[in-house]
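What follows is a set of notes on a single structure, which appears directly below.
The values are calculated or read from the model by the stated rules, or taken from the named source; none is laboratory data. Being a predicted model, the structure only gives us computed values, none of them experimental. Here Cβ is always computed from backbone atoms with ideal geometry, including for glycine, and neighbour counts include all displayed protein chains. When the accessible area is computed, the model is the full protein with side chains, heavy atoms only, and any ligands, DNA or RNA have been set aside. Shrake-Rupley method; radii C 1.70, N 1.55, O 1.52, S 1.80 Å.
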Amino acid sequence: MRTLKVSQYDWLCNPENMTRRQKLRFKALRDSTLKTARSWAIKEFAMSLWHYASKTWARKGWERWLSWAVRSGLEPIKKVAGTIKDHLWEILNTIVLEVSNGPAEGLNSRIKMIKVRSRGFRNKMQPTSTLEG
């Protein structure tokens, strides 16, 4: 447990940004039998699967990842694998067509900003009270 407490930064840091000393310490962690090390390796492999140009090769890579994830014995990873398996067709299309939801997310962000900034304005269409009598 002590190993995990002092190594949190190492797991979260990009290996390309590590110093030589950090890389040596992280290599020992990565090669350990910790469940965290296994999860990290599975995550890294999944990150490498987003650069295929061919749907066939992308499918083979994801199927290999799914097989590893299911056999990992790690319940959270198995749950993610099930979700990815359910959406594999959409994932493959996204990879090959290089489609991104970035523009839609940007538009949603702007809409939210406008809604937040407009709080406090009165609605001009409020009903007026009628005078009886």
### Task
Mind jotting down a quarter of the surface of the convex hull over the alpha carbons of the chain, in square nanometres, one decimal?
16.0
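Compute and list, largest first, the equivalent-ellipsoid semi-axes of segment 1-61 from the alpha carbon gyration tensor, each √(5λ) rounded to a whole angstrom. Before the final figure, lay out each step's value.
Numbers: eigenvalues 151, 37, 14 Å².
Computed over segment 1-61, the values are 27, 14, 8 Å.
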#### Entry: Tilt relative to the chain, helix 55-71 - C-alpha long axis, 0 to 90 degrees, to 10
80
### Message
Report the gain in length on full extension from Asn14 to Arg110: 0.36 nm times residue separation, minus Cα-Cα distance, nm rounded to one decimal.
### Response
31.5 nm
### Message
For a Förster distance of 22 Å, can you work out the FRET efficiency between the beta-carbons of Thr94 and Ser67, rounded to the nearest 0.05?
### Response
0.60
### Summary
For Lys43, counting only aspartates and glutamates whose alpha-carbon sits under 19 Å away and dropping same-chain residues fewer than eight positions off, the answer is Asp10, Glu16, Asp31, Glu63, Glu75, Asp86
### Cα-based Lys proximity count in segment 48-118, under 22 Å, for pairs eight or more positions apart or on separate chains
4
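Accessible area of the chain with a 1.4 Å probe: how many percent of it is carbon plus sulfur?
On the way: 6290 of 11070 Å².
Accessible surface attributable to carbon and sulfur in the chain totals 57 percent.
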#### Entry: Rounded accessible area per residue of the chain, 1.4 Å, Å²
83
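Contour minus end-to-end for Lys23 and His87, with contour as 0.36 nm per residue of separation and end-to-end as the Cα-Cα distance?
Values: separation 64, 0.36 × 64 = 23.04 nm, distance 3.50 nm.
Using 0.36 nm per residue and subtracting the Cα-Cα distance, I get 19.5 nm.
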### Query
Which angle between 0 and 90 degrees, to the nearest 10, do you get for helix 102-117 versus the longest principal axis of the chain when only C-alpha atoms count?
40
### Summary
Per the charge dipole of the chain (beta-carbon charges, Lys/Arg positive, Asp/Glu negative, Cα centre), the residue among Thr33, Met47, Val6 reaching farthest to the positive end is Val6
### Space enclosed by the convex hull of the alpha-carbon atoms of segment 28-86, per residue, Å³
77
